[in-house]
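Novice: Please find one structure pasted underneath; my questions will follow.
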Amino acid sequence: MLDATTRSGGTATVSPRTAAAELAVAAAGPVAPTGFAARVTRALLSPWSRLSLLVALLASAATTVVLFQPQELLTNGWPPQLGGAAAALAYAVAYGLCTVAFVPRPLLNLAAGALFGSQLGLASALAGTVLGAGVAFCLGRVLGQEALRPLLRGKWLKAADGQLSRHGFRTMLAMRLFPGVPFAASNYCAAVSRMGLLPFLLATGLGSIPNTAAYVVAGARASTPTSPAFLIALACIALPGLAGAVVAWRKRHRLRGR
């Protein structure tokens, strides 16, 4: 049997078995960190750490909006050096970021109509809506899903999760069309479920058209409050809201009766 090394003329020669073992170790790649560094890494990447980061990011964004009120800059036509499609594109990006920071979409939709008119304002508002929903969905999926899914134990939570996971597109489409569902809440509910990103974005874009268009037209025609377009837009805003309130009241009454 060969030794680990043999000497021939003063030169060390590695045995075939030793060489094979060294090659196997090299192919295995770097050794995973152990000890304190490994524990710190696992703690920082744990589901609850990522959820805490998500909460901190959203709280910081909301605080920034309250302190600096960027929506007022947007409604006043900032940035002034841009115009036309470039300004509408900048507004769409800012719109999306503001929705992640919980700025109410109706205010942003009204401002889009007042700044850019009905057509360009609607395009900008819809682009911002889809962008903001996509950012919120990705943040919730990456930072919050793993920590929150084990908490879906209640009957209603399991039912909502199953509906979004199995019938994501049509469920999200109905949620966007229904005026009583908060925009941010629906984004993060979809992120925690197993719904795909593409159906979520498509349903958001299609389902947001009626309500967004009504607010944009109202903002564009706010200077002529007696015009037919403004009155129709107000009706399109008020009637779905009233219908949603009636449906919610009836369902609540039925649940109490049980």
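Novice: Calculate, in nm to one decimal, what Ala61 and Val93 gain on full extension: separation in residues at 0.36 nm each, minus their alpha carbon distance.
Specialist: Roughly 10.0 nm would be gained on extension.
Novice: What would the Debye formula give as log10 I(q)/I(0) at q = 0.16, 0.26, 0.36 Å⁻¹ for the alpha-carbon point model of segment 165-204, no solvent?
Specialist: Treating every Cα as an identical point scatterer, log10 I(q)/I(0) equals -0.30, -0.83, -1.41.
Novice: Net charge near Leu139: determine it from the other residues with C-beta under 15 Å of the C-beta of Leu139, scoring Lys and Arg +1 and Asp and Glu -1. Kindly include the intermediate steps, with their values, before the conclusion.
Specialist: Values: positive: Arg50, Arg141; negative: Glu146.
Neighbour charge sum, excluding Leu139 itself: +1.
Novice: Moving on. Is segment 123-162 rounded, prolate or oblate when judged by the Cα gyration tensor, a ≥ b ≥ c being the square roots of its eigenvalues, rounded requiring a/c under 1.5 and prolate requiring a/b larger than b/c? Display every interim value, and only then the final one.
Specialist: Working: a/c = 5.81, a/b = 2.06, b/c = 2.82.
Because a/c hits 1.5 or more and a/b fails to exceed b/c, segment 123-162 counts as oblate.
Novice: Could you list log10 I(q)/I(0) for segment 134-197 at q = 0.16, 0.22 Å⁻¹, which the Debye formula gives when each Cα is one point scatterer?
Specialist: -0.47, -0.90
Novice: Further question: May I ask you to give the percent of accessible area on segment 165-206 that is carbon plus sulfur, with a probe radius of 1.4 Å?
Specialist: The value for segment 165-206 is 72 percent carbon and sulfur by accessible area.
Novice: Okay, moving on. Using the Kirkwood formula over every pair of different C-alpha atoms, what hydrodynamic radius in Å results for segment 88-222?
Specialist: Evaluated over segment 88-222, this radius sits at 15.0 Å.
Novice: Read phi for every residue in segment 111-122 and hand back ³J(HN,Hα) as whole Hz from Karplus 6.51 cos²θ - 1.76 cosθ + 1.60, θ = phi - 60°, with x for Gly and Pro.
Specialist: For segment 111-122, the Karplus-derived couplings read 5, 4, x, 5, 7, 10, x, 5, 6, 5, x, 5 Hz, x marking Gly and Pro.
The values are calculated or read from the model by the stated rules, or taken from the named source; none is laboratory data. Worth saying up front: this structure is predicted, and the values here are computed from it rather than measured. Because the Cβ atoms are built from the backbone with ideal geometry, glycine has one as well, and the counts that use them run over all protein chains shown. All accessible areas refer to the heavy atoms of the entire protein, side chains included, with ligands and DNA or RNA removed. Shrake-Rupley method; radii C 1.70, N 1.55, O 1.52, S 1.80 Å.
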